[in-house]
Amino acid sequence: MIPECESSAIKQNLIRSYRKIVAGIDEQAASDEERAYGGVIRAAKGKLVEEMAPHIIMLAWREVGGYQERLTFGDSKRYNVPINSEYVKCLPQAVKDEINAKKNQYFYRAHVDVHVFVDKQLVIGVECKAYAENAMLKRILVDFQLLKYIHPSLTCCLLQLESMLGGDYSEPDKDTSMLGSKQSHTLMSYFPNVELNILTLLDGDRKVGRPIHKPRYFKELRLGRLEHVISRFQQLLNPLR
């Protein structure tokens, strides 16, 4: 178990880093001459979540008694998902023959933002977003469905700063039995093997006209909310320690 003082310090550092980075996003975007303002904003917030995720997960792992050296991360590896043989069987014979002759060349390289390994085995995938709405959720579900084809036991997570999924994904201090939203549940019902865990860092739904990088609309990352996300990861990691 991690000492309480160390755990508290890590959480406070995460909160301070969030404040510092979000406060500087607007200036960074305004000074970038090569990329569009909105693109810089989205990329910076998404990168923030991606950088926070390993710290949150490692803290959760240590708090359930996991040895630090057993848990590692990867964010660049892509996994080759082979062409589905059942699909090939349904194709015209000429196309089928062409694919079968070069079958090792037919694959899709799948990945998510953060890959979590225990004892060098991929156990959790985390997609990191500044926010997610249901159009994004469709893409996330597809990515995880592909990864689960080659890693059937993979635990799938969406970690977002804010939510645009509807329902109660952005309400504070919800437990793991949150109701979610009607549209999101409908989409997820077509991907029953994915079992997506949705975790939101900030309270309240994202408002398009109230961007959090503007001082008047800034949202604090509450300690209680951060601890809730950490506890969700603890529940996912505890069986693996």
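The values are calculated or read from the model by the stated rules, or taken from the named source; none is laboratory data. Since the model is a prediction, treat every value here as computed from it, not as a measurement. Here Cβ is always computed from backbone atoms with ideal geometry, including for glycine, and neighbour counts include all displayed protein chains. Side chains are part of the model used for accessible areas, which takes the heavy atoms of the whole protein and leaves out ligands, DNA and RNA. Shrake-Rupley method; radii C 1.70, N 1.55, O 1.52, S 1.80 Å.
Quick notes
- Positive dipole terminus of the stretch 100-241, leading residue within ILE140, SER184, SER163 (C-beta point charges): ILE140
- Euclidean distance of C-alpha centroids, the stretch 129-197 and the stretch 1-25, integer Å: 25 Å
- Charged-residue dipole, Cβ positions (Lys, Arg, Asp, Glu), the stretch 129-241 about Cα centre, Debye nearest 20: 340 debye
- Exposure rank, largest accessible area first [TYR190, TYR106; 1.4 Å]: TYR190, TYR106
- Per residue accessible area in Å² of the chain, where ligands, DNA and RNA are left out and the probe is 1.4 Å: 55 Å²
- Where both bridge residues fall in the chain, DSSP classifies roughly 50% of the beta bridges as antiparallel.
- With contacts taken as Cα pairs under 8 Å at a separation of at least 6 residues, the chain carries a relative contact order of 22 percent.
- Residue-count net charge about GLU69 - beta-carbon cut-off 15 Å; Lys, Arg +1, Asp, Glu -1: +3
- Angle in degrees between helix 134-150 and the longest Cα principal axis of the chain, rounded to the nearest 10: 60 degrees
- Over the stretch 88-241, the fraction of Cα-Cα pairs per 5 Å bin, rounded to whole percents and listed from the shortest bin up, is 2, 8, 16, 18, 17, 14, 9, 6, 4, 3, 2, 1, 0.
- Within the accessible surface of the chain, defined with a 1.4 Å probe on protein heavy atoms only, the carbon and sulfur portion equals 51 percent.
- Under Karplus coefficients 6.51, -1.76 and 1.60, residue-wise ³J(HN,Hα) of the stretch 77-93 in Hz, glycine/proline x: 5, 10, 9, 6, 9, x, 4, 6, 4, 5, 5, 4, 4, 8, 7, x, 4
- Charge dipole (the chain, unit charges on Cβ, about Cα centre) - positive-most of VAL95, LEU201, GLY66: VAL95
- Relative to the Cα centre, the charge distribution of the chain, modelled as +1 at Lys and Arg Cβ and -1 at Asp and Glu Cβ, gives a dipole magnitude of about 320 debye.
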